[in-house]
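The values are calculated or read from the model by the stated rules, or taken from the named source; none is laboratory data. Fair warning: this is a prediction, and the values are worked out from it, not measured in the lab. No Cβ is skipped: glycine too gets one built from the backbone with ideal geometry, and neighbour counts run over all protein chains shown. Only protein heavy atoms, including side chains, enter the accessible area calculation; ligands, DNA and RNA are left aside. Shrake-Rupley method; radii C 1.70, N 1.55, O 1.52, S 1.80 Å.
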Amino acid sequence: HGSGTTNPQTMFAKTMKYMQHEARVPMLLTYRGVGSGTGMVEFVGDAASGFKSYNHFGAGDIPMDKAKYDTMATKGEKMVHLPFCMGPIGIFHHVPGALLTMDACLLAKIFGGNITTWDHADIKALNPGLMVPAGQPIKVGHRVLGSSSTGGLAGYLAKTCPASWTFGACSVCPWPTTAGFTGVDGTTGMQTYIQDNTFSIGYMEAGRGHDFNLHEVSIPNKNGKTRTSLQSIALGGVAQAGAEAVTSGVFPSDASADWSAVNVYNMPGDPTWPIVLVSYLYVKKDQTATNPKTAAALKAFISRILNNYVGVVEEFGFTSPPTLVKTQTLTAAATIVYPTGMKSFIEEGATNPIGGMATNVISSKRIAFDDYARDVMTAQILSLQATVSSLTANGGITTQLHGSGTTNPQTMFAKTMKYMQHEARVPMLLTYRGVGSGTGMVEFVGDAASGFKSYNHFGAGDIPMDKAKYDTMATKGEKMVHLPFCMGPIGIFHHVPGALLTMDACLLAKIFGGNITTWDHADIKALNPGLMVPAGQPIKVGHRVLGSSSTGGLAGYLAKTCPASWTFGACSVCPWPTTAGFTGVDGTTGMQTYIQDNTFSIGYMEAGRGHDFNLHEVSIPNKNGKTRTSLQSIALGGVAQAGAEAVTSGVFPSDASADWSAVNVYNMPGDPTWPIVLVSYLYVKKDQTATNPKTAAALKAFISRILNNYVGVVEEFGFTSPPTLVKTQTLTAAATIVYPTGMKSFIEEGATNPIGGMATNVISSKRIAFDDYARDVMTAQILSLQATVSSLTANGGITTQLHGSGTTN
């Protein structure tokens, strides 16, 4: 039984399981992964055990510390250090979108508690592009018990920047007890802490961090080469650190000497990783008092580990020590003194008739079914992984297309996508996340974590791409096109019982800017003289919390129409007042619910949603002085008229890939126009040559259906199609998108095309899904019933009714 560092636990478990399966005699071999510090304690023993070991061997990623080594020496005990593998310690973080670089002194100040916020000047100096909230606290995770990873970090900092790291080469460190520091138990605890806490930082065995795709900090090595441990491993940087240690005589020639000062931190060499741990077996040199059977098992286990049985070192992500170290270690292992008469286990190589059946033979000719089954499953997994890789490289069996952005056209997109999926011969997965125009832009442009590659295949917004994001794309050599596909009004809705309200732009600016806070304010009364509200009744203002096109529409209209009263500019994320009267809501549904649930509230949203839920709308004057609600304006063609006026006045640039950030159709002239009209755009990268050909073909077909208003989805969902001139310009822009060479475009089957209509790239309306058919039937039934209800209501219903009331006499 052994105990110690968690790092090689799975390697030990596999080695022990194979020994148990391959031995003729029954064996129980176990290893407790409890950290190097605990392994040392259990190896040395204590007064209660008479300083006899609680385990048969220990293991650690740091040498036995001096105090424990000296304790053993005073008890007449000698031990040997047997290096068996090497592995890097990595620094991992959870700062969204950040690629961080830190040197030893910066790490020392963070882990020492001297730098506590992510926007500190020292962090910014090494990471000038880092974008974090002002004063954002750093959340530091650290191990609570003695651990080799702590020892590795502390030893590296003590060796490399002692002026800033005052805790020394500790494996149990005197961590700060401030709110920013959290103790965790084991490697799994550290991994979970970093995953679960944004703006956190911690350290662990690098392989575990890589396995869970944690973001790693780049660190300069002694030669000034800055990279992550993953990059260093690929260059052989861990083995190189070991080789440099041998060359410089870091490892003592006597394995039973005091090794407490041995480390391979910050070794020279271009590829080296600066925080490398060497993993050791701790073994008592005198085993003569050990049970002979246990001693024989220990000897066999040591041999298998030092000789890297079946390649377990590399299998579990570690690096084998260089040859010189291995030779020195095998020589040291040979100095261990075992019990007199102990019958050592021997390995059966070539088949040994009769002799191979001896009780002390461990034979790979014996197998356990779970090993066999695992090997079969491993082979199957590898085969399936190869198949998956092949399918992934070709876009998979299913053609996928994913977009995100404004919530306004979400149902329109959903219907278009569903029809495409139903009408295609090949399997398709088309999705769209309604998350707001601002988030759609962010996911379309990408960030540092994605190398500024899009997280979606297309974006959508009711405002053009903002200038900062457009410029970011331009600096990365990316071009995009704006494709206007529909227009829709933003309405102002309220919940003032019994009131028909009128407000102009300046009054709205004062209310949404927090300058008018009660419903009986003189400016409101001036435009609504008949308004009856309680004296001093507070106005409850709902506003969106994330970037949204509806916010951008309202703010853009106010900035254009009454800039003297609206000081926030054309913002899609505005600096709303933080007074009690203002409440942030999430999405259009959140705004709708807020207004419904709160009397004396006011807010803004896509007008169609407000109309669907019968919310009360504010009447607003347009540029020609005509005052009406958006519902009244829509009935007069006022949204389309705003688009027509925009075309006439040259609002839309002729180049769809130009900067459109200043484009808007707010407060356009014309008697019927509505003053707050949003144009909805598809955001599409102009160069699609690197896109998976199947996805690119689906994108092209989807764009065509949206721009050509397939089955009238624009009007069905309460929007207005762009005027003909805009549509023509948009189709021309869409034709400039460059698709992958050899891409097989989807084509639409119009008139029945025998044989040709069965091609895999044909989307055919001749295919239907039963849910589409059933929905159409139910829609017809609903319309028929609605007509019947209307007729009955108009004629007093089926029953002629008479009702009276009065005296009880």
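Working only within the stretch 754-767, note down all residues that are open to solvent by less than 80 Å² (accessible area, probe 1.4 Å), part of a loop (DSSP other than H, G, I, E, B) and over 16 Å from Y710 (Cβ atoms). Listed by number, the residues that qualify are A759, T760, N761. When the residues of the stretch 39-74 are filtered to those that are surrounded by fewer than 20 Cβ atoms within 10 Å (Cβ to Cβ) and among the hydroxyl-bearing types (S, T, Y), the one that is nearest to M204 (Cα to Cα) is Y54. Scanning for something under 26 Å from M204 (Cβ atoms), in contact (Cβ under 8 Å) with a residue 40 or more places away in the chain and of a type in the set (S, T, N, Q), does the stretch 289-297 turn up at least one residue? No: zero hits.
Test V246 against the criterion of being touching a strand residue (DSSP E or B) at 6+ places or on another chain (Cβ under 9 Å) and at negative phi, and give yes or no. No: the conditions fail for V246. Here the condition is being part of a loop (DSSP other than H, G, I, E, B) and without any contact (Cβ under 8 Å) to a residue 40 or more places away in the chain; of G650, G670, it holds for G650 alone. Please determine whether any residue of the stretch 547-562 is touching a Gly at 6+ places or on another chain (Cβ under 9 Å), assigned to a loop (DSSP other than H, G, I, E, B) and open to solvent by 30 Å² or more (accessible area, probe 1.4 Å). The answer is no, given that none of the residues of the stretch 547-562 is touching a Gly at 6+ places or on another chain (Cβ under 9 Å), assigned to a loop (DSSP other than H, G, I, E, B) and open to solvent by 30 Å² or more (accessible area, probe 1.4 Å). Only residues that are at pLDDT below 95 and of a type in the set (S, T, Y) were counted in the stretch 139-165, giving 4.
Conditions (1) closer than 15 Å to G90 by Cα; (2) basic (K, R); (3) free of Cβ contacts under 8 Å to residues at least 12 places away in the same chain; (4) surrounded by 15 or more Cβ atoms within 10 Å (Cβ to Cβ), marked per residue:
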site: T116; (1), (2), (3), (4): no, no, no, yes
site: H142; (1), (2), (3), (4): yes, no, no, yes
site: L145; (1), (2), (3), (4): no, no, no, yes
site: A163; (1), (2), (3), (4): no, no, no, no
site: T177; (1), (2), (3), (4): no, no, yes, no
site: D185; (1), (2), (3), (4): no, no, no, no
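For every residue, the table says whether it meets (1) within 28 Å of T779 (Cα to Cα); (2) surrounded by 19 or more Cβ atoms within 10 Å (Cβ to Cβ).
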{"position": "A635", "(1), (2)": "yes, no"}
{"position": "A642", "(1), (2)": "no, yes"}
{"position": "D659", "(1), (2)": "no, no"}
{"position": "P672", "(1), (2)": "no, yes"}
{"position": "V677", "(1), (2)": "no, yes"}
{"position": "S680", "(1), (2)": "yes, yes"}
{"position": "A696", "(1), (2)": "no, yes"}
{"position": "F702", "(1), (2)": "yes, yes"}
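Applying the condition of being more than 55 Å from the chain's Cα centre (by Cα) and either of a type in the set (D, E, K, R) or part of a loop (DSSP other than H, G, I, E, B) (or both) to the stretch 342-358 and asking which residue is nearest to D286 (Cα to Cα) yields M342. All conditions in (1) among the acidic types (D, E); (2) farther than 25 Å from Y69 by Cα; (3) touching a strand residue (DSSP E or B) at 6+ places or on another chain (Cβ under 9 Å) hold for D270, with the sole exception of (3).
When V388 is tested against (1) within 23 Å of the chain's Cα centre (by Cα); (2) at pLDDT below 90; (3) more than 30 Å from K14 (Cβ to Cβ), just one condition goes unmet, and that condition is (3). For the criterion of being in a strand (DSSP E or B), surrounded by fewer than 18 Cβ atoms within 10 Å (Cβ to Cβ) and either of a type in the set (V, I, T) or touching a His at 6+ places or on another chain (Cβ under 7 Å) (or both), T192 fails.
Can you name the helices (runs of 4 or more DSSP H) wholly within the stretch 54-158 that have at least 2 residues being touching a strand residue (DSSP E or B) at 6+ places or on another chain (Cβ under 8 Å) and either under 30 Å from Q287 (Cβ atoms) or polar (S, T, N, Q) (or both)?
It comes to 66-74.
Being modelled with pLDDT of 90 or more, hydrophobic (A, V, I, L, M, F, W, C) and in contact with a Gly (Cβ under 7 Å, 6 or more places away or on another chain) holds for only one residue in W273, W259, and it is W273.
T294 passes every criterion in (1) at pLDDT 95 or above; (2) buried (at least 19 other Cβ atoms within 10 Å of the Cβ) apart from (2).
Close Cβ contacts (under 7 Å, 6 or more residues apart or on different chains) running from residues in the stretch 18-30 that are closer than 18 Å to A59 by Cβ to residues that are open to solvent by 50 Å² or more (accessible area, probe 1.4 Å) comprise T30/H1. Take the residues in the stretch 405-438 that are hydroxyl-bearing (S, T, Y) and surrounded by fewer than 20 Cβ atoms within 10 Å (Cβ to Cβ); name whichever of them is nearest to K479 (Cα to Cα). Filtering first and then ranking leaves T431. Residue count for the stretch 464-483, restricted to those that are touching a strand residue (DSSP E or B) at 6+ places or on another chain (Cβ under 7 Å) and open to solvent by 10 Å² or more (accessible area, probe 1.4 Å): 3.
Out of all the residues in the stretch 304-312, is one or more at pLDDT 95 or above, crowded, with 23+ Cβ neighbours inside 10 Å and part of a helix (DSSP H, G or I)? The answer is yes, given that some residue of the stretch 304-312 is at pLDDT 95 or above, crowded, with 23+ Cβ neighbours inside 10 Å and part of a helix (DSSP H, G or I). Restricting the stretch 210-256 to residues that are touching a Phe, Trp or Tyr at 6+ places or on another chain (Cβ under 9 Å), within 26 Å of K78 (Cα to Cα) and outside any helix (DSSP H, G or I), the residue that is modelled with the lowest pLDDT is F251.
In the set (1) among the polar types (S, T, N, Q); (2) open to solvent by less than 40 Å² (accessible area, probe 1.4 Å); (3) under 33 Å from the mean Cα position of the chain (by Cα), Q9 fails one condition alone, (2).
A quick yes/no check of all residues on (1) buried (at least 21 other Cβ atoms within 10 Å of the Cβ); (2) under 23 Å from P464 (Cβ atoms):
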{"site": "G569", "(1), (2)": "no, yes"}
{"site": "W576", "(1), (2)": "no, yes"}
{"site": "V585", "(1), (2)": "no, no"}
{"site": "T588", "(1), (2)": "yes, yes"}
{"site": "T593", "(1), (2)": "no, no"}
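Screening Y282 against (1) in a loop (DSSP other than H, G, I, E, B); (2) surrounded by 22 or more Cβ atoms within 10 Å (Cβ to Cβ); (3) among the hydroxyl-bearing types (S, T, Y) leaves a single unmet condition, (1). The sole residue among M412, M417 that is farther than 22 Å from S745 by Cβ and not aromatic (F, W, Y) is M412. Within the stretch 23-50, the set of residues being modelled with pLDDT of 95 or more and of a type in the set (D, E) comprises E42 only. Of the candidates I524, I516, the single residue that is free of Cβ contacts under 8 Å to residues at least 40 places away in the same chain, in a helix (DSSP H, G or I) and more than 30 Å from T439 (Cα to Cα) is I524. Applying a threshold of 9 Å to beta carbon distances and a minimum spacing of six or more residues, or different chains, the list of pairs starting in the stretch 770-788 at a residue that is without any contact (Cβ under 8 Å) to a residue 12 or more places away in the chain and ending at one that is open to solvent by less than 70 Å² (accessible area, probe 1.4 Å) reads D771/H422. Number of residues in the stretch 314-373 that are of a type in the set (A, V, I, L, M), in contact (Cβ under 8 Å) with a residue 12 or more places away in the chain, under 30 Å from E244 (Cα atoms) and open to solvent by 60 Å² or more (accessible area, probe 1.4 Å) equals 2.
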